[in-house]
Each structure stands twice: as structure tokens, then as C-alpha cells.
2 protein chains.
Amino acid sequence: MAKKLIVQKFGGSSVANVERIQNVAKRVADYKKKGNDVVVVVSALGDTTDELITLAGQVTNEPSEREMDMLLSTGEQISVALLAMALHKLKCQAISFTGAQVGIITDKSHTRARIVKINCDKIKEELKKGRVVIVAGFQGVTPEQDITTLGRGGSDLTAVALAKELSADECEIYTDVEGIYTTDPRIEPKAKKLAEITYDEMLEMASLGAQVMQARSIEVAKKFDVPIHVRSSFSANSGTMIIKEAKRMEDVLVNGITLNKGEAKITICDVPDKPGIAAKIFKELALVGVSVDMIVQNVSHLRSTDISFTVNKPGLAKGIKITKSLAKEIGAGEVLQDEDIARVSIVGVGMKSHPGVAANMFGTLAKEKINIEMISTSDISISCIIQKKFAEIAVKALHEEFGLSK
Amino acid sequence: MAKKLIVQKFGGSSVANVERIQNVAKRVADYKKKGNDVVVVVSALGDTTDELITLAGQVTNEPSEREMDMLLSTGEQISVALLAMALHKLKCQAISFTGAQVGIITDKSHTRARIVKINCDKIKEELKKGRVVIVAGFQGVTPEQDITTLGRGGSDLTAVALAKELSADECEIYTDVEGIYTTDPRIEPKAKKLAEITYDEMLEMASLGAQVMQARSIEVAKKFDVPIHVRSSFSANSGTMIIKEAKRMEDVLVNGITLNKGEAKITICDVPDKPGIAAKIFKELALVGVSVDMIVQNVSHLRSTDISFTVNKPGLAKGIKITKSLAKEIGAGEVLQDEDIARVSIVGVGMKSHPGVAANMFGTLAKEKINIEMISTSDISISCIIQKKFAEIAVKALHEEFGLSK
């Protein structure tokens with residue numbers, strides 16, 4: 001077998017304690033021993049990042065974003081040092097680097113920085129010496145040497161970006177599940193691991209609530225065609241390949257069902273039906289950082305309308321406050337909120353060319369006597385907002401209906 | 001009052017929790033508000049460094065020193081970020097830097113690196129903008145951008161070196177005691193806080209067991225004549241000034257009594273009285289990293305001698321092993337060990353010109369019926385090894401005898 005260059009990314013749960021770090025080291029060393037070049041990207045140990053955020057919250061309500069990055073980037077620095085030590089113990093040559101040391105240059109948007117360029121000279125030099133190169137995920141540095149972080153799930157982005165810059169043969173994303181499933185196996189035990197999935201499908205899955213990989217990193221992988229292998233750090237089984245186009249002859253209609261219970265619904269009743277009102281509402285919400293997901297507006301009788309939208313639950317209180325004050329200002333009616341909702345979605349590149357899929361989905365839910373409150377569609381997905389208590393029933397019924405259980 | 005530039009160093013106990021960090025921020029902000037420029041050097045929070053060392057110990061017995069520095073340097077990085085946030089909360093402009101960012105360049109001796117040069121441009125630039133500059137203590141970076149640490153107590157060194165490079169008006173070392181005392185107040189309640197002490201006296205005190213300041217940092221302060229003010233971070237009282245020459249007219253004979261219970265004694269009996277034997281013994285011990293303190297050799301009858309020396313207790317097991325194998329090799333007799341010893345020392349620049357001090361010390365111990373096992377002297381100190389159980393009695397008697405209690 002020819003020598004390969006591989007980028008392996010291990011998430012927080014894969015390095016949650018010393019024993020797991022040693023397991024990761026063993027896996028890396030084994031791959032290295034076969035004569036391959038390995039670059040490892042590591043997240044912070046277990047809940048370290050959350051603990052640091054809590055600590056900052058005890059000091060101040062409004063931490064400066066620059067100092068937040070200074071603080072949070074220590075988490076990954078601890079991981080890379082410990083993993084290097086674990087590899088040394090296995091007599092495997094290895095060296096660790098921070099994002100700054102390895103030359104991951106970003107813009108100045110602290111806490112959500114974008115990678116501008118990566119200088120891979122240092123990595124290549126160390127690989128040439130026969131060493132495993134361990135890079136702290138999630139972090140970079142501005143041209144002025146200020147430490148930045150790439151946002152939640154940023155280690156995935158580090159891995160994909162390095163794989164691209166190094167022209168790696170593969171980018172392995174190690175996690176605590178075996179791969180990407182047709183749906184959450186905790187809800188539907190019949191869920192099947194997918195052998196492969198396209199970037200587009202994975203993007204829909206990621207943004208719709210499947211928390212295996214960060215959406216931005218999949219976008220980058222898609223853009224530069226980086227083959228990704230999502231697999232478990234606790235087993236030797238192969239996982240799911242994320243690729244440009246599925247190698248199957250005919251695209252299946254639906255490839256996965258996702259569920260998101262993390263949103264709440266806000267409805268403004270009797271909004272005057274005038275141009276610019278919707279724009280005003282969502283601009284104000286964006287300004288205070290409330291991220292809006294689905295939006296539905298029905299034109300109704302008497303020149304007024306109802307507007308409903310969903311927000312992430314942490315943004316609900318802020319969203320309601322803004323919305324109520326705006327409703328008053330524009331002369332709208334009552335503002336309603338509903339936290340007991342769930343978003344159920346079906347995803348699949350095949351549905352592009354099969355117009356009957358939506359009707360099939362709605363019919364399946366109707367058969368279960370589940371009322372649909374909001375609908376939203378994209379090229380390769382259809383999402384319905386339903387009452388939360390029916391979420392699991394809906395997932396199972398759709399999983400069955402679209403032939404994913406067989 | 002003219003504008004001053006001050007370097008303030010806060011140790012781990014001063015920033016052990018969020019409340020203490022906020023207290024430190026208040027003190028820094030107050031000083032800044034008076035129109036002064038402030039550079040703050042911070043250690044890791046409380047026991048963070050020890051916790052990280054424990055973590056590394058769980059991964060491997062022999063952590064690489066480069067990776068150890070990568071790991072440990074995160075402790076101070078956390079502190080500086082949190083202190084910056086606390087200052088922001090008080091509406092005090094502040095910015096934090098790692099040792100690398102601020103340009104503290106060291107040699108490549110990981111875990112005990114020496115500062116080669118400091119580029120203060122960045123600090124001066126930020127001070128000009130009216131900001132408090134917070135620098136992570138204990139750490140630096142090699143010209144190749146590898147992170148290094150300066151050894152135990154290294155934050156003191158960072159502070160003194162920055163004070164020198166910035167030509168600061170004063171270097172304040174904040175700690176959990178009110179200053180330097182004539183002896184440990186927990187042993188002798190009559191111990192007095194010294195208003196001032198010379199660099200040389202402080203060096204003796206530091207190396208003899210007073211743990212207030214790292215010896216290397218005092219050496220640097222002495223070399224460049226950096227005025228140091230050791231004081232408490234928990235009170236507004238002034239502490240002890242460490243200076244070149246005491247301003248008092250006549251040097252007092254003895255300025256302090258120190259006690260060190262952290263050593264053990266090893267004796268090799270009947271060592272053949274041949275040249276090179278002692279050199280061989282201490283070279284071997286140095287090679288395995290056992291640090292030897294006092295050495296006493298008595299030439300005796302029959303062309304053989306006894307050699308006694310003290311080692312730090314953590315090195316005792318290793319020291320005994322080496323010594324026993326060497327004793328066999330060179331044809332010496334029994335090897336004895338004694339952990340129940342203590343080192344009591346008197347320190348004072350005045351004793352240089354007063355030859356009777358040693359006799360006075362020995363007489364005082366004799367009066368208390370305390371047997372002296374080993375004696376060692378320097379220009380400005382005299383140390384005696386005695387049985388540990390008499391340590392406190394010895395300290396009190398000497399404190400009284402040399403007039404420190406009045």
C-alpha cells in the first residue's frame with residue numbers, strides 16, 4: 001500500500017480523560033507505524049471549554065471577545081501537550097503545536113474567526129523528520145499575533161482546512177458515534193449507519209440538528225472536495241464517508257431524518273400588511289444576535305397577517321422582548337410564544353427530482369394524527385414544525401415510510 | 001506626584017479564585033487611576049500548575065520537557081485573560097499577552113529556560129494607549145517559537161526582568177504574607193517585618209528556605225539594581241523593600257533566622273582518603289539530578305574519612321541508591337541516612353565584619369542542649385544541621401539572642 005497522508009481529528013469526548021487520550025495515542029501510533037504520515041487535530045478535554053466559559057462568566061457578564069479567545073484556546077493547548085506525551089510513551093515521535101505556532105492565520109473576528117491562510121511549512125518539515133504532528137484545533141492567530149478561536153465545532157474546521165492545505169488523502173473525524181445514521185438511533189433503534197453521504201446532504205443534516213460535524217467545516221470540505229470519514233474513536237469499524245457525489249447508481253429519495261428540539265416559536269398576530277415590516281423585524285433580531293431559523297408568513301384577511309418564526313431557545317427571552325416592543329411600534333397584535341415544538345426534517349439529494357416527496361411526508365404525519373404548524377423546504381430537505389410530544393412518533397413513522405428501516 | 005511606571009506581580013495565591021482576581025483588579029485599577037502606568041505579571045490560579053503536573057504524570061512517567069512547557073504555560077494564560085476581563089468590568093482598559101506574544105525570548109532549556117532578551121515595543125505601545133498591560137508570568141518562547149517556562153517561581157523572574165527592561169520605578173511582588181520577616185512568624189510570634197533587606201541577605205534567605213521569592217529573580221534584581229517591594233495582596237500596608245544597600249547607618253549583625261526541614265542527611269563512613277573520591281560521588285549524584293546542599297568531610301584516623309551531605313528529601317531515595325553502589329565500588333563502609341534533621345541559619349550582611357557571630361550562634365544552641373551535626377558558613381550566613389525536634393527551640397533562642405525580638 002502506498003504511503004498516505006492523513007489528518008485525524010479527535011473531539012472532546014475522544015480525549016475526555018487520560019485513558020481515552022492513551023487510546024487515541026495508540027490508534028495514531030498504529031497508523032503511523034504502517035508508514036503513513038499523520039497530522040492530528042485535537043479538541044479540548046471533555047467539558048474543559050464549558051468550564052472555562054463558566055469561569056469567565058463568574059468574572060464578568062460581558063467578557064471581551066479577545067480575552068475570551070485567550071482563555072478558551074488554553075483548552076486545546078492542554079490536549080495537544082498530553083497527546084504528544086502519550087505518543088512519546090509509545091515510542092512514537094510526535095510534536096505539538098498551537099494554532100499560532102503552526103501558522104493558522106485568521107481574520108480579527110474573535111470567537112468566530114475565519115481562516116485566511118495556513119502556512120504548512122512547519123508541519124511539512126516535522127512530517128519529513130518522521131514525526132506525528134499534533135495541532136490544537138479550534139484556534140488561530142491574527143497577523144498581529146492575537147489569538148483567535150473559530151467558533152463552536154471549530155476543530156472540525158481546523159482538520160478540514162489542514163487536510164485541504166496539505167492535500168491529505170483523507171480527513172478522519174473521530175467522534176463518539178459510529179458514523180452518520182439515517183436518524184438518531186436513540187429514537188429509532190432501526191436507524192442504519194450510512195456508508196456514504198454527500199456534502200449537501202450532510203450540510204442539511206448538520207444545520208438541521210445532527211451534531212456530529214460543524215456545518216462550516218462541511219462547506220469548506222465541499223468547496224475543496226476534501227474526502228471526510230466520520231467514525232468512532234472507540235471502535236475499529238469504518239464509519240461514514242462524506243463525499244461529493246454518492247457512488248450509488250440511483251440517488252435514494254431520502255437519506256436521513258433529523259430532529260431538533262432546541263428551537264422555540266414566536267408568532268406576531270395581526271401584523272399590518274405593509275412592505276418593509278418583515279425586514280424591520282428580522283433586522284432588529286439580527287442586531288441583538290438572536291438567530292432566526294424558519295420563517296412563515298400567511299397573508300390573511302383585512303390587510304393584516306400573522307408572522308411566525310423559530311429561534312434557538314437561548315435566544316427566546318431576548319427575541320420575545322424585541323418582538324413585543326416592535327409589535328407595539330408597528331401596531332401589530334398579540335405576540336405568542338411556544339417552547340413545546342420540534343422540528344422534524346427529511347434529507348436526501350434524490351428528492352430534487354421527485355416532486356411527490358413533500359406530499360408523502362405530510363401524509364405520513366397526518367396518518368399519525370400529527371398537526372403540522374410550519375413548513376419549510378430546500379432543494380434537498382423538507383422540515384415540519386410539530387408539537388414536541390409527537391417528535392419521536394414522527395421520526396419513527398418517517399423512517400419507516402421512506403424505507404430507511406429495511 | 002510624578003507619573004510612575006510600576007510592574008506588579010501577583011502570585012498564585014493572590015489569584016486563587018474569582019473573588020481574589022477581582023480584588024487584584026481593583027488594586028491595579030486604583031493605581032492606574034492615579035495616573036500611573038502599570039504592567040501586571042500573573043501566575044497560574046492557585047494550584048493549577050500542580051494539577052497540570054499531576055495530569056501529565058497520569059499520562060507518562062517521563063514527559064518530554066518541551067511538551068511539559070506547552071502544558072504548564074496554559075495556567076498563566078488563563079490567569080491573564082481572566083484578570084483582563086475583571087479589569088474591563090471596572091472600566092479599566094487592559095490587554096493580556098502570553099510570554100510569546102510580548103516577546104520574552106529565552107534559550108531552549110525547556111522547564112528551566114533563561115531569558116535571552118525581551119522586546120518591550122508591544123508593551124510600550126499598549127501603555128501609550130493608556131492600557132494596563134497584563135503579561136503571563138513564568139513563560140517565554142524560543143526564537144523558533146517553541147513555548148518555554150522559567151522554572152518554579154518563574155513569574156518573579158518575568159516581573160523583575162520586565163521592570164529592568166522597562167526601567168520601571170518599582171517592581172512590586174504581591175504575595176500572601178506582609179513582607180520579609182526576621183523569621184517565620186508561625187514559629188516565633190515575636191518575628192518582626194523588615195522594612196528593608198539587601199539583595200544579598202534576601203538571596204541567602206531565599207536559598208535557605210524562605211519561600212517568598214525565587215532566588216534567580218533576586219540575582220537579576222541585584223545585577224541590574226531593580227528595587228523590589230515585597231508586600232501582601234490582602235492588605236494596603238507597605239511590605240519589605242529589597243535594595244542594594246540598607247539605608248541604616250550601621251548594619252545590624254543578624255537580620256533573619258531561616259529554617260529548612262526539607263532536607264535529609266546521607267553519610268558515607270570510612271571513605272578511603274584518596275584524591276578524586278569526593279568529586280566522583282558528587283558528579284554521579286549531579287548526573288541523576290539529585291541536588292546536594294551542605295557537604296562536610298572530616299579527615300580522620302587510618303587514612304579514611306566520613307563524608308556527610310544533605311539532599312532535598314524528594315532526592316533521598318535516588319541519592320541513597322547511588323551512594324550505596326558507589327560506596328561498594330570505592331571500598332567505603334556503611335551508608336547512613338537521617339531524615340529527622342533541620343537546617344537553622346542566621347543571615348545578615350553585618351556579620352562580615354564581626355567574627356564573633358559564629359561562636360555566639362553555637363553557644364546559644366549549646367545553652368539549649370542542642371547538638372550541632374554539621375556546620376556550613378558563607379560571607380553573610382551561618383547554617384547548622386540539628387535534630388528536627390529541636391528546630392523551633394533553636395529558631396526562638398537565636399531570634400532572642402540576636403536581638404530580633406525587641
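The values are calculated or read from the model by the stated rules, or taken from the named source; none is laboratory data. For clarity, every value in this text was computed on a predicted model and none was experimentally measured. Note that we place each Cβ from the backbone using ideal geometry, even for glycine, and neighbour counts take in every protein chain shown.
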Q: Can you tell me which residue within region B:35-55, out of those that are within 14 Å of chain A (Cβ to nearest Cβ) and part of a loop (DSSP other than H, G, I, E, B), is surrounded by the fewest Cβ atoms within 10 Å (Cβ to Cβ)?
A: B:46
Q. So which residues in region A:1-14 are touching a strand residue (DSSP E or B) at 6+ places or on another chain (Cβ under 6 Å) and either in a loop (DSSP other than H, G, I, E, B) or of a type in the set (A, V, I, L, M) (or both)?
A. A:5, A:6, A:7, A:11
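Give region B:257-293 a look and list any residue that's among the aliphatic types (A, V, I, L, M), free of Cβ contacts under 8 Å to residues at least 60 places away in the same chain and surrounded by 15 or more Cβ atoms within 10 Å (Cβ to Cβ), or say none.
Applying the first criterion (among the aliphatic types (A, V, I, L, M)) to region B:257-293 yields B:257, B:259, B:264, B:266, B:268, B:271, B:277-279, B:281, B:285-288, B:290, B:292.
When the remaining residues are screened for being free of Cβ contacts under 8 Å to residues at least 60 places away in the same chain, the result is B:277-279, B:281, B:285-288, B:290, B:292.
The answer is B:277, B:278, B:281, B:285, B:290, B:292.
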Q: Tell me, please, whether a residue that is away from every other protein chain (no Cβ under 12 Å), in contact (Cβ under 8 Å) with a residue 60 or more places away in the chain and not in a loop (DSSP other than H, G, I, E, B) can be found in region B:98-120.
A: no
(Q) Of the residues A:27, A:20, only one is out of contact with any Asp or Glu (no Cβ under 9 Å at 6 or more places or on another chain) and within 26 Å of residue A:125 (Cα to Cα); which? (A) A:27
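Considering B:70, B:85, which residue is within 18 Å of residue A:59 (Cα to Cα) and modelled with pLDDT of 95 or more?
Values: B:70 fails: within 18 Å of residue A:59 (Cα to Cα).
Of B:70, B:85, the one residue that is within 18 Å of residue A:59 (Cα to Cα) and modelled with pLDDT of 95 or more is B:85.
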Q) Can you find a residue in region B:219-233 that is touching a Gly at 6+ places or on another chain (Cβ under 6 Å), on the phi > 0 side of the Ramachandran plot and buried (at least 21 other Cβ atoms within 10 Å of the Cβ)? A) no
Q) Can you pull out the residues in region B:362-396 that are under 23 Å from residue B:293 (Cβ atoms), part of a helix (DSSP H, G or I) and without any contact (Cβ under 8 Å) to a residue 40 or more places away in the chain? A) B:362, B:364, B:365, B:393
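Scan region B:121-146 for residues that are part of a helix (DSSP H, G or I) and either of a type outside the set (D, E, K, R) or within 13 Å of another protein chain (Cβ to nearest Cβ) (or both) and jot them down. Steps first, please.
Within region B:121-146, the subset part of a helix (DSSP H, G or I) is B:121-128.
Those that are part of a helix (DSSP H, G or I) and either of a type outside the set (D, E, K, R) or within 13 Å of another protein chain (Cβ to nearest Cβ) (or both): B:121, B:122, B:123, B:125, B:126, B:127.
If a residue has to be buried (at least 20 other Cβ atoms within 10 Å of the Cβ) and out of contact with any Pro (no Cβ under 7 Å at 6 or more places or on another chain) to count, how many in region A:183-195 make the cut? Before the answer, list the steps.
Quick first cut of region A:183-195, residues buried (at least 20 other Cβ atoms within 10 Å of the Cβ) only: A:183, A:188, A:191, A:194.
Those left that are additionally out of contact with any Pro (no Cβ under 7 Å at 6 or more places or on another chain): A:183, A:188, A:194.
The total comes to 3.
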Q. Of all residues in region A:1-22, which are within 12 Å of chain B (Cβ to nearest Cβ) and surrounded by fewer than 16 Cβ atoms within 10 Å (Cβ to Cβ)?
A. A:17, A:19
Q: Determine if region B:64-81 includes at least one residue that is more than 10 Å from chain A (Cβ to nearest Cβ), within 25 Å of the chain's Cα centre (by Cα) and either closer than 17 Å to residue A:145 by Cβ or touching a residue at least 60 places away in the same chain (Cβ under 8 Å) (or both).
A: no
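Matching residues to (1) more than 21 Å from residue A:4 (Cβ to Cβ); (2) buried (at least 19 other Cβ atoms within 10 Å of the Cβ); (3) touching a Gly at 6+ places or on another chain (Cβ under 6 Å):
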position: A:136; (1), (2), (3): yes, yes, yes
position: A:139; (1), (2), (3): yes, yes, yes
position: A:142; (1), (2), (3): yes, yes, no
position: A:151; (1), (2), (3): yes, no, no
position: A:154; (1), (2), (3): yes, yes, no
position: A:177; (1), (2), (3): yes, yes, no
position: A:181; (1), (2), (3): yes, yes, no
Q. Any idea which of A:26, A:32 is part of a helix (DSSP H, G or I) and either under 18 Å from residue A:148 (Cβ atoms) or more than 13 Å from chain B (Cβ to nearest Cβ) (or both)?
A. A:32
Q: Run down B:186, B:216 and say which single residue is in a helix (DSSP H, G or I) and among the basic types (Lys, Arg).
A: B:216
Q | Every residue from region A:82-96 that is crowded, with 24+ Cβ neighbours inside 10 Å and either more than 8 Å from chain B (Cβ to nearest Cβ) or closer than 15 Å to residue A:138 by Cα (or both) | A | A:83, A:87, A:94, A:96
